[in-house]
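K.L.:
Got a structure for you, questions after.
The values are calculated or read from the model by the stated rules, or taken from the named source; none is laboratory data. What you see is a predicted model, and the numbers here were worked out from it, not measured in a lab. Note: ideal-geometry Cβ built from the backbone for every residue, glycine included; neighbour counts use all protein chains shown. To get the accessible areas, we keep the full protein, side chains included, count just its heavy atoms, and leave off ligands, DNA and RNA. Shrake-Rupley method; radii C 1.70, N 1.55, O 1.52, S 1.80 Å.
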Amino acid sequence: MHFTASQDQLARALSQVSRIIQSQNSMPILGGIQLMATDNTVQLQTTDLFSLLTAEIPAMVLEPGYVVIPGATFSELIHRLPTATVDIESDTGTGKTVVKYGRSRTTIHGFGTERIPEFPGIEGNSQAAIVPAGVLSELARQILFSCSKDESRPILKGIHMELGAGKLVMVSTDGSRLSHAWVALPDYRGPEIKVILPAKVLLEGSKLAGGQQPVSMSFAPGFVRMATDDAILISRLLDGEYPEYQRVIPQTYPIHIRVPLLELKGSVERAHLIASKDRSNSVRFSHQVGTLQISSSAAEVGQAEEQLDCDSQGQEMEVLFNSTFILDALKSLTGEDLIMELSGVQSAAKLLDADNPQYFHIVLPLRQLV
Amino acid sequence: MSRIHRLDPVVRDQIAAGEVVERPASVVKELIENALDADSCRIHIRLIEGGHSSIEVTDDGSGIEPSDLPLAMARHATSKISELSDLDSSPWLGFRGEALAAIAAVSRVRLMSRTTSEPVGHELSVEGGVAGTPKMVAMAPGTTVRVTSLFYNTPARHKSQKSAGAEAGWIQHLTEHLAISRYDVGFLVEQGDKVLLKTTSQTTPIQTLHQLYGREVADSLLPVEHTGITGIRIRGWIAPAHIHRGTRHTQSLYVNQRWVTNWVLRQAIEEAFKPHVPDRRFPLFWLWLDLQPSGVDPNVHPTKAEVRIDRERQVAALLYRAVQDTLTNKSQSSSLSIAPNHAHDELTEYAQSELRLETFPLGDKRASSDTQILHKEFLELTPLAQWQAKYIISQGPLGLYLIDQHAAHERLYYERFKREKGASMIAQPLLVPHIITLNTTEWQAFIQHRQLFQDAGFEITESGGSTIMVHAVPQGFKDLPSDPEMVRTVLESIIQGHAQYGHPVTWVEEPLFAMAACKAAIKAYRPMSHVEMRGLLQDMALLTDPRGCPHGRPTLIRLSLEEVDRRFGRKG
């Protein structure tokens, strides 16, 4: 294999595909990047056995072929090259790869004739959903944080995704809180689809082409394919039953509070400072019409008490929340004002952007035991 | 011809003897117990070939009336009880009335006895269960039983016997246990002309321990004295955790003065030593348990080494607590105390903890007030230097200390987190209940400990079969998440018995505290200033148990001046 390519393009493609590589691998080949030169393009591929990421760059191919080279070393090297173009030649039998730049060269030993493990390929089709540029990363920012982080319930490490009726709905939950977001996809004509997307795949998908290009999503049983013009991510989906989350979202909220986001965020951050020192890690929200009081205390640290003016309706109520959950939700909101709706001391509260009702967060209050 | 027939009494006795007389040591045990029951002051045991050829037990006790001699050898004949109900209050070690008969069934026995009122002794020989005629013999008051050719008529048993050396060792250990329990009686065990064991009549068990195990062990022993609310009393001595042995021979448990082996109780005691005794090494202890006689049934097995105890688990928990208390309060300081013969005077009356019987609340009184100094010795430590940015070298009146800075600091945080915990309990309800199907063992454990789960902050409902629904879980600690699968972890620890003796209520949280403490504590390779080191040492004085980090590693190693002197070949 022998080709010449732009250093800049190659470096960017390498950073993209390197993200899939796990830092520790039991199979050394999984730490490699597969380069495949055909016609006028070079394809770069990496896999962690769960997903396969492919990027393509234009190149002048002198001799078609392939090689797998240790990913980290190769990527670092290309990033440090001083020249605008780079010449790469490898011996298919031994895997020895010579990188030439200007008058200098570096040789890297590749994996010989070994190739990265086969991954079931799925093709894009006409029924793919085209998600406009930047939307996936927006969704990721809005809901990804609510995913479960531990292994005990693997299904909650995924995102429930529903496609159909002209919109795309994504939901994440870790069992105690839930985030819900949707975007309109009026052009989608395909069948209704309900899948569980691993959180990591949404994150990687949102970063394809730097989020600058629309992403076409297509599905095959057990697999998802997300593609931009020059990169394709194919991944397995999570298998299992996602909890019936609709039932836990309260329909009516007797208390409705509207408060400037930055003010509330500041108050909760300060209260969290104290709360996080206590094992309960909890903040107390006390509502009276027109005022919202936020307080926290930690036995050996101190107490915080914040008063905020708000625009509110409904009765007086005092609710205890996990301060991390509230803070995470507040950080994901962007508008000027926030709406907080309470449905009871023991039942879920809803937080949303006053100007953008397309996503919201549900947080269950804590229960004080005597 | 009928195929079922009554067994010949000789055969019958041989079969029955199989249970009581297993090996020479069992003969020795039975004979010593008889001697003790006869109010002897000195007991002399002579062995030949580890007892295989001959065992002779001589005492200076009350003796047997000549007319009773033939009866003494008969089965179910005893002077000790007359009704079964006497058993409950019987002060005697024996009561079944079958020891001598059983021994006589499988060996040649010569029984000689003289009461103080008789001018001469009488002798009776029994061979294979058949008694001869009594003869007169000249002897001092007391009783001598000589057992020869043990198992001569039961070849199978005879063949399966251990070597003479092993048997002699076993008899020696057995006699140690009995000698400690009856410190007022002098024991002498001889094999040929070799003395295996010798104790003299003493006024306290510690003196006997001194005679048996030497100064090194006896001087370091910690007295245990503990009274439970139901009148259960625990007394005795334990060795500090740094003294341990490769076998369990140096562990004795006496229930109402009777030496017993009880696995559950023994484990509870070992558990208390656990973090500080290496694997497959065993701590030393001699503990006397006073229970209500009605709660103890010694009539489980003919050898009476096993006893059945009412509310065994609670007794075990109490033992655990007693040993744990003693270790945490004493282990660091007393190993060099210079008053060897007055160790028993140091018996301290510990404040009786407020215990419920089945579960011990986590914080006892001491832990709740943090200004109380519990380990004065740490206040006297002067840090000398930090070594390898990992250990603090310090000196104190008891020697040179190497302290693991991370382990010590970790312990500090751990106890603080445990203290803080009491303040408020918070549960995180789940949006969607988590469903767990339990297996039979888990289900049993769950049903049994349902209340504990509720107390810890779980909300669990049953949903048919062995399936449960978790609706709420205790709030995770700091940044550790609340996880409904924790139910299973907790059940596992209940099943494996980890949650048994120590902290039955806090098993859920213990690991969380330990993890958080490990994160919060300073790590190895962090340089410390003199002020910091001094501060850390002083804080250790406030700990309930400064001996180990929550993961079980020790926090400190002490080198005594004597030890250093010895290594340098100086005579202290």
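K.L.:
Ignore the peptide's own chain and count Cβ atoms of other chains within 10 Å of each Cβ in A:140-153; give me the average, rounded.
P.N.:
Taking the mean over all residues of the peptide, I get 2.
K.L.:
Would you tell me the mean number of C-beta atoms belonging to other protein chains that fall within 10 Å of each C-beta in A:277-283, as a whole number?
P.N.:
Whole-number average of other-chain Cβ neighbours for A:277-283 is 6.
K.L.:
Projected area of region B:220-330, taken from the Cα convex hull and averaged over every viewing direction, in nm²?
P.N.:
Hull-based average projected area comes out at 6.6 nm².
K.L.:
At 25 °C and 0.890 mPa s, what whole-number value in µm²/s does Stokes-Einstein give for the translational diffusion of the protein assembly as shown, with Rh from the Kirkwood sum over Cα pairs?
P.N.:
Rounded, D is 70 µm²/s.
K.L.:
Then there's this: Given region A:152-247 reduced to its alpha-carbon atoms as identical point scatterers, what log10 I(q)/I(0) does the Debye formula return at q = 0.16, 0.18 Å⁻¹?
P.N.:
-0.69, -0.88
K.L.:
Note the full-extension length gain between B:Ala74 and B:Glu216 as 0.36 nm times their separation in residues minus their Cα-Cα distance, in nm to one decimal.
P.N.:
Between B:Ala74 and B:Glu216, full extension yields an extra 46.5 nm.
K.L.:
Is there a simple number for the mean count of other chain Cβ atoms within 10 Å of the Cβ of residues in B:106-115, and what is it?
P.N.:
0
K.L.:
Still on this model: Once you've got the Cα coordinates, tell me which of B:Lys418/B:Lys519; A:Lys157/A:Lys207; A:Lys207/A:Lys350; A:Lys167/A:Lys265 are over 22 Å apart.
P.N.:
Among B:Lys418/B:Lys519; A:Lys157/A:Lys207; A:Lys207/A:Lys350; A:Lys167/A:Lys265, the Cα-Cα distance tops 22 Å for A:Lys207/A:Lys350; A:Lys167/A:Lys265.
K.L.:
Across the Cα atoms of region A:91-211, what radius of gyration and what greatest pairwise Cα-Cα distance (Dmax) are found, in Å?
P.N.:
Cα radius of gyration and Dmax of region A:91-211 are 20.3, 60 Å respectively.
K.L.:
Report the rotationally averaged projected area of region A:2-109 based on its alpha-carbon convex hull, in square nanometres.
P.N.:
Quarter of the Cα hull surface area: 6.2 nm².
K.L.:
Say a paramagnetic label sat at a point 7 Å from the Cα of A:Ala84, along Cα to Cβ; which residues of region A:11-32 have their backbone N under 19 Å from it?
P.N.:
Zone members listed by number: A:11-13.
K.L.:
Name the residue, out of A:Tyr66, A:Tyr359, A:Tyr245, whose mean-square fluctuation peaks in a Gaussian network model built on chain A with Cα pairs under 10 Å.
P.N.:
A:Tyr245
K.L.:
Need one number: % antiparallel among DSSP beta bridges in the protein assembly as shown, to the nearest 5.
P.N.:
Rounded to the nearest five, the antiparallel share is 95 percent.
K.L.:
Still on this model: Give the cross-link partners of A:Lys100 among the aspartates and glutamates, using a straight C-alpha distance below 13 Å as the criterion and excluding same-chain residues fewer than 8 apart.
P.N.:
Correct list for A:Lys100: A:Asp87, A:Glu89.
K.L.:
Report the Cα-based extents of region B:9-202 along its three principal axes, largest first, to the nearest Å.
P.N.:
Sorted from largest, the Cα extents of region B:9-202 read 44, 41, 39 Å.
K.L.:
Quick check: convex hull over the Cα atoms of chain A, volume per residue in Å³, rounded to an integer?
P.N.:
Spread over its residues, the Cα hull of chain A gives 173 Å³ apiece.
K.L.:
What distance in nm separates the two pseudo spin-label positions at B:Val11 and A:Asp91, each 7 Å out from Cα along the beta-carbon direction?
P.N.:
9.0
K.L.:
Then there is this: What's the buried accessible area, both sides, between A and B using a 1.4 Å probe, rounded to 100 Å²?
P.N.:
Accessible area lost upon association: around 2600 Å².
K.L.:
With the crude spin-label approximation of a point 7 Å out along Cα→Cβ, what separation in nm comes out for A:Gln212 versus A:Asp8?
P.N.:
For the pair A:Gln212/A:Asp8, the computed spacing is 1.0 nm.
K.L.:
With the full set of protein chains in place, find how many percent of the accessible area of region A:129-245 is carbon and sulfur; take the probe as 1.4 Å.
P.N.:
Reported share for carbon and sulfur atoms: 55 percent.
K.L.:
Nearest 0.05, what FRET efficiency do A:Lys331 and B:Leu374 give at R0 = 41 Å with Cβ-Cβ as r?
P.N.:
0.35
K.L.:
Could I ask something else about it? Among the aspartates and glutamates, select those whose C-alpha is under 19 Å from the C-alpha of B:Lys159, and discard any that sit fewer than 8 residues away in the same chain.
P.N.:
B:Glu19, B:Glu22, B:Glu49, B:Glu167
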